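Down below is the structure, laid out as structure tokens.
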Amino acid sequence: MHRKQASWFLAAVLFLLAAAGSLYAGGAKDTVLSQADSLIENKEYDSAIQILTDYVKTNPEKFNDAQKRLQKIVKLREKYNTIADELLDTLVNTPEDDVRILDLTDQLIAIEPATNPSTQRFLDQVRELAAFNNNRNRLERILVQARSQLEQGNYQDALETYSTGLDIYQAEYFNSGFGPEAEAVASNGLEALAKGISDFGSLLGSFVQGAQAVQNLGTGAVSLADARRAYSTLALRMEEISQIMGSIAGVGNSYESQLAILQRENNALGDRSFLSFANRLIRGPAGQDEGMLGVLDRFWKQNIDPADATVFALAENAYNRAQTAANNRDYSGALPLLDTAEGFAGLSLDLINNWLSFYVPAGVPTQIVYDQPVVSPMVGSYLKFHSMGRAVSFMREAENIGIREEAIIRGNYQALPLWRQGTLALSSAVNQEQDNRSAFNAMIRELAVIEGAINTETETLGVYSETLAFLADDAESRTELPLLYISQAGSIVMDLESRIGDQEYQAIIRRYTISAEDLSREVTARENEFNAANIQVEGIQQNSESGEIFLSHYPTEALAALTQMGQRAAQNLATGRSLLALYAAEPQSLTGSGEVGRLYANAQDLVNRILNLQSRSGTVMAAARTQIERANALRLEGDRLFQESQTALARNNFETARERLQMATVRYHDSLAIQESPSLRTSWDTRLVNHGAEIVRVENEIVVRDVRNLVNNARTNYYAGNLEQAEDQLVRAQSRWSVTNSTEEPEVIYWLNLVRGALSLQSGRAIPQTAPLYAEMSQLLSDAKRNYDEGVRLLNSGQRAPGLARFAEARQKTRDVRLMFPMNQEARLLELRIDQQTDLSVFNAAFRQRLNDAVAGTKPAVRSTQSFADLQDLVQINPDYPGIRQLLTQAEIDMGYRPPPPDPRAIARSNELTQAAMTIINARNSTQYEVALAQLNEAIQLNPNNTQAQRGKDQVQTWMTGTGTIVLDSHSQDEYTRAVQEFTRGNNLTALAIVHQLLQNPRNQNSTLILELQRRIESVL
């Protein structure tokens, strides 16, 4: 406030007092004075002056009472003016005295609130500025005090010092009306800060002890287990302090966010806020490791840095010991050392990972290293111990391979001498050396994989050296040790790889030596076998009873010996070629020279000897086959065909069984014509003849059963409406029946006629895919359906005229279809649906008449296929119409499409006939089987569902079937063959005479071969 404004206040008061003296008159009630006292008490001085002035006018006798009160107001305003003058002096002369300015401002407001808005704004601004400066100075003092405490390591005191400033602007914040949400942010934060400070105080001692315990590990020999135990205790404390860090940092974040919200709502708010000052206390001055978060950070580093250094040193020492053992090829001794080194490297990474959970909430930046987030200050350490762990892993894999190599060297180098001594089988010897080679080769491949991983790791470290260069001036220093670790692992791997390569080469030599020596033995044995067989073919000299010398030839025995020798030679050749293939698959550098090259040349020579032996053996075997191969080939062919016939019969493949048996008799006959064999004739007259009779017997049972199944399936398909399938099954039944029967089966004929009649009713209802116009008709139907669907959609949307137009287009398409296929069901149904959609009431009204007309047309007197199709379409379009299903069933009966249900009299007669027939069957009266069969056929005709009659019929037909002969005895076969030859030459009468002579034998009268030949001869006469 300017001095001019303060003087104005004083002048105004004096003016009012003067006016009050001149207005004294009249009387008033004492209640007015009480009211004036209340107004003065409430600092409403202008109102009090007004009522006192009016009171004096009406109550002059009370002037003194009113004057006292007016003087009181004057004194207060004089005091106000005095304080105002002092405030003006302070603002002019000592503006930095915020405490004095704030006190004077509060005194002015306490005496009398400013009634002038400008004055009030001025006072408010002065007060706010003074309060802000005062609070800012207080904050600075807190920061200075806490900084001193931090430097002395008094972390708990520093936290509590920071917490003393949390009352700055706190009351004003909660009284500012920011709303429940903003107040909740502040109050929740205060609670979290208080808890965090308290928790830190509780944690401080145990944390220091845990960190010290880890540091103490560096003072002597420490096992990995001891280190892990010490770390596990510290890890719990680290987790707890990380939670405190996260909680306090979270408060800072929430305060910062809430302050931004309030500042957007009130541009004048600035930093004069509880949230702003509290955030400074949490985060500390910019660029300084202070504030509550700075306390935790310094405390962490003071305790964790030495602990980290201790564990890191233990890891490095463990690694150095393990690396030395691995370098010295102490495979078994290196493994536990590598395990320890890996454990310490992992422990180091665990410590580094704890930095992440501690610092990320405080906003410390992170980097992604090997797909893991790492706080930037620890990237170098993370790379170091991650690479140490990888190097140890590579070394361990190499050491395990080295152990396997040593085991092979100790136990598996005796295969070659043991095989030469005869105490070890060839396959075992070869397998052992092949296993050795494979094992060594597998080790080399494994080492190559490790080497590839090492190279990848090296490249990755190079990439990190470049990408993380911004974190420090010397990025390469962070990857120097990691690269060294990986390089050391690589040296160990390459050394082992070279040593195992030498072992693999020796295993290759031993393996090929065994194979070469074995093949040489086998080739010599085959050459001896050939020489012995060749003498048998050329002839062995024998002495007759008269003393003459003759040569005995043993082509059969020789052929067997040469065949066996050839098989062995083929095996030897396969072995030799396999051996050459193995050589060919080897690298040229291996087979081109040295011991392996010599063994390769020897194997090629052995294979050439086998090939030469096979060529000479072929010539000798050809001579032997000239004498015997025709007879033996035919006999073997007959045996093969006979076996195939037996196999076919076992599988109920009777056609193949008959065919193969007849072919076998021909082959045996031809063989006997070349070389007589009593044993073969005896076998023919027993095995072949009996087998032929068995085919007839077994096949007849199957035929009866197959026909019954086909008829039953056809009936099922018939009733299901699958007429084409039913017809196909009945035709198959008819054909199957003819295999063992010369007469038609009446039950098959009955159902075949019924099915074909029904098929005629469905002709044209669907367009077969084989129809010439199938594609065009399908397109028309598709277009009609699309127009119909569009018409329905238009009608449903209230567009009747366009919808009817679509219906008209659809109807034109269906008419085009029905022009070519009048009975097409799809077109007819679509037209009915168009009528239904066009006017449902008219359609429903006409439906009954359509139904009646269709039913009338299916009656036996008419039997119109058009009417039956109409009825089917009506059922399809309105399947729920009352009684319509029953009408369709009756129409199927009337049209002959479905057999009528048998009446009770027919069922009774059918049962009577069945019982009579079963009496004959049960008595096994074979002379009456024909009568029983006739009775059963009639019973089935009266009641097609009479299953007892069907079973009885099948049984009696099985027993009645004649045992047709399909194989002749060997002598009859000779005559039959002669008859065939005469017929082929055109001597038909001679052939027929032979046939008649054959038929004189009762066993030949049912021979299908003779009867078929008779039919053929008679057909040309």
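The values are calculated or read from the model by the stated rules, or taken from the named source; none is laboratory data. Just so you know, these numbers come straight off a predicted model, no measurement behind them. As a convention, Cβ positions derive from the backbone with ideal geometry for all residues, glycine included, and neighbour counts pool all protein chains shown.
Laid out as a table, the results:
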{"item": "Residue that is modelled with the highest pLDDT [pool: residues in segment 992-1002 that are exposed (fewer than 15 other Cβ atoms within 10 Å of the Cβ) and more than 15 Å from ARG978 (Cα to Cα)]", "result": "GLN1000"}
{"item": "Those residues of segment 320-330 which are touching a Leu at 6+ places or on another chain (Cβ under 9 Å) and in a helix (DSSP H, G or I), in sequence order", "result": "ARG321, ALA322, GLN323, THR324, ALA325, ALA326"}
{"item": "Residue list for segment 949-983, filter: modelled with pLDDT of 80 or more, in a loop (DSSP other than H, G, I, E, B) and aliphatic (A, V, I, L, M)", "result": "VAL967, LEU968"}
{"item": "Criterion (touching a residue at least 24 places away in the same chain (Cβ under 8 Å), aromatic (Phe, Trp, Tyr) and out of contact with any Leu (no Cβ under 8 Å at 6 or more places or on another chain)) met by exactly one of TYR169, TYR162", "result": "TYR169"}
{"item": "Residue match in segment 620-630 (condition: surrounded by 15 or more Cβ atoms within 10 Å (Cβ to Cβ) and touching an Asp or Glu at 6+ places or on another chain (Cβ under 8 Å))", "result": "no"}
{"item": "Count of segment 879-897 residues which are crowded, with 18+ Cβ neighbours inside 10 Å, among the aliphatic types (A, V, I, L, M) and over 23 Å from ASN824 (Cβ atoms)", "result": "0"}
{"item": "Residue satisfying all of: in segment 211-227; among the β-branched types (Val, Ile, Thr) and surrounded by 14 or more Cβ atoms within 10 Å (Cβ to Cβ); farthest from SER348 (Cα to Cα) among these", "result": "VAL222"}
{"item": "Any hit, segment 275-286, residues being aromatic (Phe, Trp, Tyr), part of a helix (DSSP H, G or I) and modelled with pLDDT under 90", "result": "no"}
{"item": "2 or more residues surrounded by 19 or more Cβ atoms within 10 Å (Cβ to Cβ) and not assigned by TED's automatic domain parsing to the domain that holds LEU649: qualifying helices (runs of 4 or more DSSP H) within segment 660-744", "result": "689-720, 723-737"}
{"item": "Of residues in segment 893-911 being touching a residue at least 24 places away in the same chain (Cβ under 8 Å) and part of a helix (DSSP H, G or I), the one farthest from the chain's Cα centre (by Cα)", "result": "ARG909"}
{"item": "Complete set of residues in segment 45-62 that are touching a Ser or Thr at 6+ places or on another chain (Cβ under 9 Å) and either outside the structural domain of SER34 (by TED's automatic domain parsing) or small (Gly, Ala, Ser) (or both)", "result": "ALA48"}
{"item": "Residue in segment 879-893 that is within 30 Å of PRO822 (Cα to Cα) and basic (Lys, Arg) present", "result": "yes"}
{"item": "Qualifying residue in segment 179-186 (condition: closer than 19 Å to LYS301 by Cβ and among the hydrophobic types (A, V, I, L, M, F, W, C))", "result": "no"}
{"item": "Residues of segment 168-190 that turn out to be exposed (fewer than 12 other Cβ atoms within 10 Å of the Cβ) and closer than 26 Å to LEU143 by Cα, as a count", "result": "1"}
{"item": "Residue match in segment 872-883 (condition: outside any loop (DSSP other than H, G, I, E, B), under 27 Å from LEU942 (Cβ atoms) and touching a residue at least 12 places away in the same chain (Cβ under 8 Å))", "result": "no"}
{"item": "Residue that is modelled with the highest pLDDT [pool: residues in segment 454-474 that are touching a helix residue (DSSP H, G or I) at 6+ places or on another chain (Cβ under 9 Å) and crowded, with 18+ Cβ neighbours inside 10 Å]", "result": "ILE454"}
{"item": "Residues of segment 636-691 that turn out to be under 60 Å from the mean Cα position of the chain (by Cα) and farther than 16 Å from SER972 by Cα, as a count", "result": "26"}
{"item": "Residue match in segment 389-411 (condition: farther than 30 Å from ALA345 by Cβ, in contact (Cβ under 8 Å) with a residue 12 or more places away in the chain and buried (at least 21 other Cβ atoms within 10 Å of the Cβ))", "result": "no"}
{"item": "Residue match in segment 244-251 (condition: over 30 Å from ALA309 (Cβ atoms) and either within 57 Å of the chain's Cα centre (by Cα) or part of a helix (DSSP H, G or I) (or both))", "result": "yes"}
{"item": "Filter pass, ASN608 being assigned to a loop (DSSP other than H, G, I, E, B), without any contact (Cβ under 8 Å) to a residue 60 or more places away in the chain and either in contact with a Leu (Cβ under 9 Å, 6 or more places away or on another chain) or not hydrophobic (A, V, I, L, M, F, W, C) (or both)", "result": "no"}
{"item": "Condition met for ALA230 (surrounded by 15 or more Cβ atoms within 10 Å (Cβ to Cβ) and free of Cβ contacts under 8 Å to residues at least 40 places away in the same chain)", "result": "yes"}
{"item": "Residues located in segment 849-878, provided they are modelled with pLDDT of 90 or more and exposed (fewer than 12 other Cβ atoms within 10 Å of the Cβ)", "result": "GLN849, ASN852"}
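Rundown of residues vs (1) at negative phi; (2) surrounded by 14 or more Cβ atoms within 10 Å (Cβ to Cβ); (3) not hydroxyl-bearing (Ser, Thr, Tyr), yes/no style:
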site	(1), (2), (3)
ALA585	yes, no, yes
SER589	yes, no, no
ASN608	yes, no, yes
GLN614	yes, yes, yes
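A quick yes/no check of all residues on (1) touching a residue at least 12 places away in the same chain (Cβ under 8 Å); (2) within 22 Å of VAL980 (Cβ to Cβ):
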residue: ARG667; (1), (2): yes, yes
residue: THR686; (1), (2): no, no
residue: GLY692; (1), (2): yes, yes
residue: ARG697; (1), (2): yes, no
residue: ARG705; (1), (2): yes, no
residue: ASN709; (1), (2): no, no
residue: ASN713; (1), (2): yes, no
